[in-house]
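Have a look at the structure below, then the notes.
Bear in mind that the values in this text are calculations on the coordinates, not laboratory data. Because the structure is predicted, anything quoted here is derived from the model rather than measured. Virtual Cβ from ideal backbone geometry, glycine too; neighbours counted across all protein chains shown.
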Amino acid sequence: MNQLLKASVLLLLTGAAHAGVSAAEADRLGKDLTPVGAEMGASADGLIPAWKGKSFYSQAQLDINRPALVAMGRNNPPAAYALLAGKLADDKPRLTITRANMAQYATQLTEGHKAMFRLYPSYKMNVYPTERTGFFPEQIYAATKKNATSATLQGTDDLKGAAIGFPFPIPKTGAEVIWNHRLKYRGNAVRLVNNSAIVSQDGGIQQSRFIADVKFVYANYKTPAPADNKLALYFMAKNLAPARVAGQTTLVHEPIMGSRSAWLFDPGLGRVRRAPDVGFDNPTLGADGEQFNDQVDTFNGSLERYDWKLIGKKPMLIAYNSLRMSSPALKVKDVLTKGHANQDHARYELHRVWVVEATLKSGQRHQFKKRRFYVDEDSWAIAAVDCYDNRDQLWKFQEAHLATLPFLPTVSPSPEFIYDLLSGRYYATGLLNESDISDWTIDFKDSHFLPQSMSK
């Protein structure tokens, strides 16, 4: 068998390998494309402006000092919000979408948004002028340009030739878009206190709270991973409330490829045990069944159970620059209302998004038969997901309220909502209103994420 035939047979057996783009195509980055692959220019109608990134922010916002911001958030919450929001704080909506006029904007709405309008007469979307604020460190830009020509993807999960930056700034497949989300830059490490809540059909709130330590191994330019690195990140979460789960701790070693390693610590038993089921559609601890493990950060983990189709890119209304939702001037109860989040605090903008459809493979199992992802072109962050059950009925709608953090810099989803369109309940996570701002200045040794460290 000649080499060409051998290669063809191998591709048939294992799935096509998607290679990096040409040097000429990669050279578009930083020219007609932003350094991470978005269209640099404005839309023809002017509703989506040219990319601004770092230039949008004041020097005071770029230089935000965490201790000072924490003190401000405790002593003068409105001032803390004003600093974080900057020019955005005084913006006024250019239009409001309600059930009465939603048909006019149908092409710009996710199926999840349409369902929310149909279910809740009080649901609305305040649409503001679009500001393309997302940007990243120069080190991420340089690594992304290298990845553009070197990164390859065999099937859905065999990634090679990428380091630190976004692997596929000029994607050709749906799986490549999702990989950009999986490996996006989110700082080098972070400690955060996360308020989460289940909101029942009658508006009752069951709140929980945990502290999470994360060290990003792949997208870490301060301490770059070795060339043979196989880890995306370390994650450890310790439950603080309610009392019945306090002290329970989850540890995850998230690989770039292959199965993750996970452990659970139960203070009642006083021991650490392996947790083989922290993934896919197994329920997240504390979410009362309203969030699956692979819905954390809108999507995480292996792509292996789905076929991924790239639908294309189109202008869509997504929650963006939505800083008021996390304002220290608000309480959690101000954000969570019956049926849906308090939409008075939400900010929607028109952005170009990549649309990717994931369909469950034959022979694979997941409670979602199909998912449609809407991915922001400027940050590669997933902004929304339509989730369908095995009867092809729209079951859940995920929405991430994206906001640029110029002092890192990155684009972060906070908070996130998962609406159960059948039960009328919803789950909220990443509620930072009654917590100090997360600590991105922290540094963790790898030993902090060993199983034996969980009980400390």
- region 195-226: number of residues that are in contact (Cβ under 8 Å) with a residue 12 or more places away in the chain and more than 18 Å from E434 (Cα to Cα): 17
- Message: Can you report the number of residues in region 163-182 which are under 20 Å from the mean Cα position of the chain (by Cα) and either more than 15 Å from A38 (Cβ to Cβ) or in a helix (DSSP H, G or I) (or both)?
- Response: 13
- Item | Members of region 135-162 that are over 15 Å from A219 (Cβ atoms) and under 20 Å from the mean Cα position of the chain (by Cα) | T156, D157
- Item | Complete set of residues in region 220-235 that are under 18 Å from the mean Cα position of the chain (by Cα) and within 18 Å of S302 (Cβ to Cβ) | A232, L233, Y234, F235
- Note on the structure: Over region 43-94, the set of residues over 16 Å from W440 (Cβ atoms), in contact with a Gly (Cβ under 9 Å, 6 or more places away or on another chain) and of a type in the set (S, T, N, Q) is S58
- Of the conditions (1) surrounded by 13 or more Cβ atoms within 10 Å (Cβ to Cβ); (2) closer than 22 Å to D376 by Cα; (3) among the small types (G, A, S), A106 clears all except one; give me its number. (1)
- Task: State whether the residues of region 82-93 include one that is over 19 Å from S322 (Cα atoms) and either touching a helix residue (DSSP H, G or I) at 6+ places or on another chain (Cβ under 7 Å) or free of Cβ contacts under 8 Å to residues at least 24 places away in the same chain (or both).
- Result: no
- Message: I'm trying to understand the selection: among the residues of region 264-315, which are touching a Pro at 6+ places or on another chain (Cβ under 6 Å) and more than 22 Å from H366 (Cα to Cα)?
- Response: V272
- Item | Yes/no for I164 being more than 19 Å from E399 (Cβ to Cβ), among the hydrophobic types (A, V, I, L, M, F, W, C) and in contact (Cβ under 8 Å) with a residue 24 or more places away in the chain | yes
- Message: Here is a check on your reading of the model: is E304 crowded, with 19+ Cβ neighbours inside 10 Å and either closer than 18 Å to Y419 by Cα or not polar (S, T, N, Q) (or both)?
- Response: no
- Query: Scanning region 221-255 for residues that are of a type in the set (A, V, I, L, M, F, W, C) and in a loop (DSSP other than H, G, I, E, B), which turns out surrounded by the fewest Cβ atoms within 10 Å (Cβ to Cβ)?
  - Reply: A227
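On the given criteria, is R66 among the basic types (K, R), loosely packed, with under 12 Cβ neighbours inside 10 Å and within 29 Å of D439 (Cβ to Cβ)?
no
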- With the first residue restricted to region 96-114 and required to be under 21 Å from Q393 (Cβ atoms), and the second required to be crowded, with 20+ Cβ neighbours inside 10 Å and of a type in the set (G, A, S), Cβ contacts under 8 Å at 6 or more apart or on different chains are T110/A384; G112/A384; H113/A384
- Item | Residue within region 373-395 that is touching a residue at least 40 places away in the same chain (Cβ under 8 Å), in a helix (DSSP H, G or I) and either of a type in the set (D, E, K, R) or surrounded by fewer than 22 Cβ atoms within 10 Å (Cβ to Cβ) (or both) present | no
- Item | Evaluation of W179 against (1) touching a strand residue (DSSP E or B) at 6+ places or on another chain (Cβ under 7 Å); (2) under 28 Å from K114 (Cβ atoms) (one fails), failing number | (2)
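Yes/no matrix, rows are residues, columns are (1) in contact with a strand residue (DSSP E or B) (Cβ under 8 Å, 6 or more places away or on another chain); (2) touching a residue at least 24 places away in the same chain (Cβ under 8 Å); (3) surrounded by fewer than 19 Cβ atoms within 10 Å (Cβ to Cβ); (4) not small (G, A, S):
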position: G258; (1), (2), (3), (4): no, yes, yes, no
position: S261; (1), (2), (3), (4): yes, no, yes, no
position: F292; (1), (2), (3), (4): yes, yes, no, yes
position: L323; (1), (2), (3), (4): yes, yes, no, yes
position: N342; (1), (2), (3), (4): yes, no, yes, yes
position: V353; (1), (2), (3), (4): yes, yes, no, yes
